[in-house]
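The values are calculated or read from the model by the stated rules, or taken from the named source; none is laboratory data. The structure presented is a predicted model; accordingly, all values stated were derived computationally and were not measured. Quick reminder, even Gly has a Cβ in these numbers, built from the backbone with ideal geometry, and neighbours come from all protein chains shown.
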Amino acid sequence: MLKIMLWVPVLLLSACAQQPGKPLQIQRLEQLPALAAEFETIVDSDDGQQRYHWRFWRTSKRVETHNLQDNTGEIWTKSTDGKIAYERVFHDQKQVIEYTPGDLNAIGAVPDWSAIATLLNQSMIAGLVEDGREQVLGRPASHYQSNNADAPIEITWLDREQLPALIKRNDKGHTISTRIIGIYPLAESPGPYQRSTNYRYTDFADIGDKESDPFIQSIQHKIKGGHNHSD
Amino acid sequence: MRYKEFRVTSWVVLLAGFLLVATDESKAGNTLETADFWMESGKNSIKAAEQLKPNNTYAKNVILFIGDGMGISTITAARIFEGQSKPNNRGGEENSLSFEQLPYLALSKTYSANQQTPDSAPTMSAIITGVKTNDGELSVSAKLPREEKNADVVNANKVKTLLEQAEEKGLSTGVVSTARVTHATPGACYAHTSERDWESDAQLPADANVKDIARQLVDFNIGNGLEVALGGGRSMFLPSTLADPEDTDKTGGRKDGLDLTKQWLSKYPKSAYVYDKAGFDAIDPKKTEHLLGLFERSHMEYEHDRLSDAGGEPSLTEMTTKAIDILSKNKKGYFLMVEAGRIDHAHHAGNAYRALSEAVELSNAVRKALEKTNAKDTLIIVTADHSHTFTIAGYPQRGNPILGLVKQPGEANFAKDKNGLPYTTLGYANGPGYRGPNVRPDLSSTDTAHPDFLQEAGIPLGSETHGAEDVAIFASGPQAHLFHGVQEESYIYQVMAKALKLKPGQ
C-alpha cells in the first residue's frame, strides 16, 4: 500500500495463536494523545543494513510522517465524516501529490486510521500477549510478543502515549526494527509541521495528464497508484 | 386465511418461476435471437436508415458532450455494464447507450500538433477552435511555445473558440464538467493559455503576466459573458486566506487574495454562486441569468462516490438539466459544453468500474438533453477528446459479467492463461494495475466486479496513459449528417460553426 507501511510492516502478518496473557489494547482513536515523535528504522538483510530516521506527528484528525533520509513525507487527514485523504510530500522539490478519499477508493487503497495513528494494525495486535513491563525514555511501557514462528514480532507499547516504542519483526529474510528515539508534546516537536503554502499541489487524478512534467516523471516510481487487494 | 395464504404462496411461486426463466434466459443470452430475429432486426434498421433525412437547417442550439478519455472500448464496455443491470437483458451486449442511438456517426483522429497520443488540452482546442495545437496548450496556435509567459505573445497566438463566437452572436453559453471548470476541456472553451496547469495564480510563474484560467473565466468579456459554469475547482477561485466552505480545515488556493466567486456575483446582475447540492437545488433557472457552481475544491466526486459526499453534489445529469433550463431562455439560442471529466481519471487510476459508471452517467445526461430539446433546432454531439489503453479481451460467453473473469461458452470453469490462472475481460495495456514482476495473481476468489478493483495492466506505470486510436463522434439535429467517415478532430468545430451559421475562425 502506501509508504507509511514501510515503517510499519504490519499488513502481511497473519494472526497468531493466542496465549494466556494480557493482549495489547488501543484506546478509543478519538482519545489518542496528540504528540510528536522520532523513530529510527533499521532493516537488516543479506544485502546489508539500511537506516531510516523519521519523524511522526499525530493529532486526532491528522498524522504526518517525514523521512529525513530522502526528505519525503506523508500526511493523512480524517474529515468530520470519517473520510481519509492522503498527501505524499516531496520536500526537496516542494511538491505534494494529493489523494482525495475518492482517489484512494479508485486505486483500491483502504486506509486504516487505527494503523495510521498507532503504527499497528488489528491483525498484528490480535496475536500479541504481554510478557513484561519496562521504561522507555522515562515512560512506562509494556512489552508484547507473538510466537508466530513464520513471522515473529515483538512490540514495546507506550501505554500513556498509545504509541509503539519498538516494533521488531522478521519477514522474508529481513529483520526490521523500528525504535522510538524521542517523544515530544506537539508544540515542542524538533521539526515543524512540513505543510507549506509555498509547496505546489498536484491532484493524483491529474498525474495522468502530466506526462511531460519532469517532477512527475521523477516520482512515478515513488508514488503508489496500485491496489491493495489480497490478490 | 388459508386461501389467502395459498394465493400469496402461489403468487410467489409464479414470480419465482418467472424470475428463474428470466435469469436463465439472461444467462443463455439469446433464446430469442433466432435467424428470424436477426433478419427482422436488420430490416428494421434498414428502414430506420432509409428514413433518415439530412437536416440542412441552421441550429438554434448546440450541445457538445465530451466523454473525457471515452474511447470506443469504453463505450462498448459501458454499454454492456449498463445492459447487464437491466431486467430481462439478453446478456447486456445488445444494450445501447443513449447516444449510440443518435443517427449520425464519424470517427475522429485525435493526434495533436506535436504528439501521436494527445492530452485533453490540444484535443479540446481542436474541437472548440478548429485548429490543432500542442500538448498542454489551450486554444492557441501551435506556433506558441508551451509555458509562454508573455501575455502579448499569447494574445498574438489566440485562436477564437466557438463559445466566444456564440457569445458574439448573442447566444447564451455554458460549460459543465465533473472535473474542475478550469481543467483543460472546459478551459479550452473560454481561455487561451500556453499552459493548462495555470488554473489559478498560484500555479503561474512569478514572472508571468498572463492571466490564470479561473481569472479568464470570470473576466470573460465577450458578449454578456458565460451564463453557466458548473463543476469542480473551487480552490482556483477562492483566496488562500479564506476557509473552504465545505472542507473547512482547508483554504482556497489563490495567492493574489482575490475571491473570484465574489467577482462573479458583482459582475453579473441576477447571478448566483453555489457550492453544494442544497444551493444548487435552490437555484430557480427562471430568475438566474449567470450561475457559477463549484461543488468541490478540486474535481467533483466520481458518480459512484457522489452520494457519500459531505456537502452533496449534483449529478452530471442534474447539472446538464439546470444548464439547459437557464440557457434556453435566450430566444437566439445557446451553446453548451458538457464534459464527463472523470472517465479519464478513473482510467488513469486503472479502475474500470468507475470509468464505466461515469460513462453511463454521461449517457443519462445525453438522454435528458435529448428529452429537453428538439432535434429540429438543436445539434447534439457526443464525442471523446482521446482514448485510453483500455481493452476488452478474451472470448467470454454472452452475458459474461463485463467486470468478471473470462468464461468461454459452454465451459464450467474460467479460461486460464499459460500459468493456469484466470483473467478478466477488461484490462489495460499499462498503469497501476500491473501485478508483476512475479507470476500473475490467482483471481479465482477475487471480486473483480468490486468498484475498487483495479484491472490488470501489462506495463507498470503509476498512472495509466491515454491511447492514440480514433474516437467516435455521435450526432443528431441540424447538420449532424455532416458527421461521416474518418475526420480530423478539428472537423467537429467546422460542423458546429456551420450549424450555428458562424464564419469559421472569425
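Tally the residues that are part of a helix (DSSP H, G or I) and within 17 Å of residue A:211 (Cα to Cα), restricting the search to region B:108-147.
Counting residues in region B:108-147 that are part of a helix (DSSP H, G or I) and within 17 Å of residue A:211 (Cα to Cα) gives 4.
Select, from B:409, B:396, the only residue that is assigned to a loop (DSSP other than H, G, I, E, B) and under 29 Å from residue B:98 (Cβ atoms).
B:396
Please work out which one of (1) surrounded by fewer than 20 Cβ atoms within 10 Å (Cβ to Cβ); (2) on the phi > 0 side of the Ramachandran plot is the condition residue B:376 fails and give its number.
All conditions are met except number (2).
Would you check which residues across region A:85-118 are part of a helix (DSSP H, G or I), buried (at least 19 other Cβ atoms within 10 Å of the Cβ) and more than 10 Å from every other protein chain (Cβ to nearest Cβ) and list them?
If the condition is that a residue be part of a helix (DSSP H, G or I), buried (at least 19 other Cβ atoms within 10 Å of the Cβ) and more than 10 Å from every other protein chain (Cβ to nearest Cβ), then A:115, A:116, A:117, A:118 are the ones that fit.
Could you go through region A:185-194 and let me know if any residue there is farther than 30 Å from residue B:179 by Cβ, more than 14 Å from chain B (Cβ to nearest Cβ) and within 16 Å of the chain's Cα centre (by Cα).
Scanning region A:185-194, I find no residue that is farther than 30 Å from residue B:179 by Cβ, more than 14 Å from chain B (Cβ to nearest Cβ) and within 16 Å of the chain's Cα centre (by Cα), so the answer is no.
Can you tell me which condition residue B:315 does not meet? The list is (1) modelled with pLDDT of 95 or more; (2) touching a Lys or Arg at 6+ places or on another chain (Cβ under 6 Å), and all the others hold.
(2)
Sort through B:298, B:271 and tell me the only one that's more than 24 Å from residue B:370 (Cα to Cα), more than 14 Å from every other protein chain (Cβ to nearest Cβ) and over 15 Å from the mean Cα position of the chain (by Cα).
It is B:271.
Looking at B:112, B:85, which one is at pLDDT 95 or above and within 30 Å of residue B:375 (Cα to Cα)?
Sole residue among the options that is at pLDDT 95 or above and within 30 Å of residue B:375 (Cα to Cα): B:85.
Please identify the pairs in which a residue from region B:43-58 that is at positive phi has its Cβ atom under 6 Å from the Cβ atom of a residue that is at pLDDT 95 or above and not in a helix (DSSP H, G or I), counting only partners at least 6 apart or on another chain.
Between residues of region B:43-58 that are at positive phi and residues that are at pLDDT 95 or above and not in a helix (DSSP H, G or I), there is no close pair.
Condition (residue is more than 9 Å from chain A (Cβ to nearest Cβ), more than 27 Å from residue B:118 (Cα to Cα) and modelled with pLDDT of 95 or more) applied to region B:449-469: is it met by at least one residue?
Yes: one or more hits.
Among A:62, A:58, which is the only one that is at pLDDT 90 or above and more than 14 Å from chain B (Cβ to nearest Cβ)?
None of the other options fit; the residue is A:58.
Give the residues of region B:476-506 that are more than 20 Å from residue B:99 (Cβ to Cβ) and either of a type outside the set (A, V, I, L, M, F, W, C) or part of a loop (DSSP other than H, G, I, E, B) (or both), sorted by residue number.
Selection gives B:488, B:490, B:494, B:498, B:500, B:501, B:502, B:503, B:504, B:505, B:506.
Could you tell me which of the residues B:290, B:304 is farther than 24 Å from residue A:198 by Cβ, of a type outside the set (D, E, K, R), out of contact with any Gly (no Cβ under 6 Å at 6 or more places or on another chain) and within 10 Å of chain A (Cβ to nearest Cβ)?
B:304
How do the helices (runs of 4 or more DSSP H) wholly within region B:218-337 filter down when requiring 1 or more residues that are surrounded by 21 or more Cβ atoms within 10 Å (Cβ to Cβ), in the same structural domain as residue B:164 (by TED's automatic domain parsing) and in contact (Cβ under 8 Å) with a residue 40 or more places away in the chain: which remain?
Output list reads B:260-267, B:316-327.
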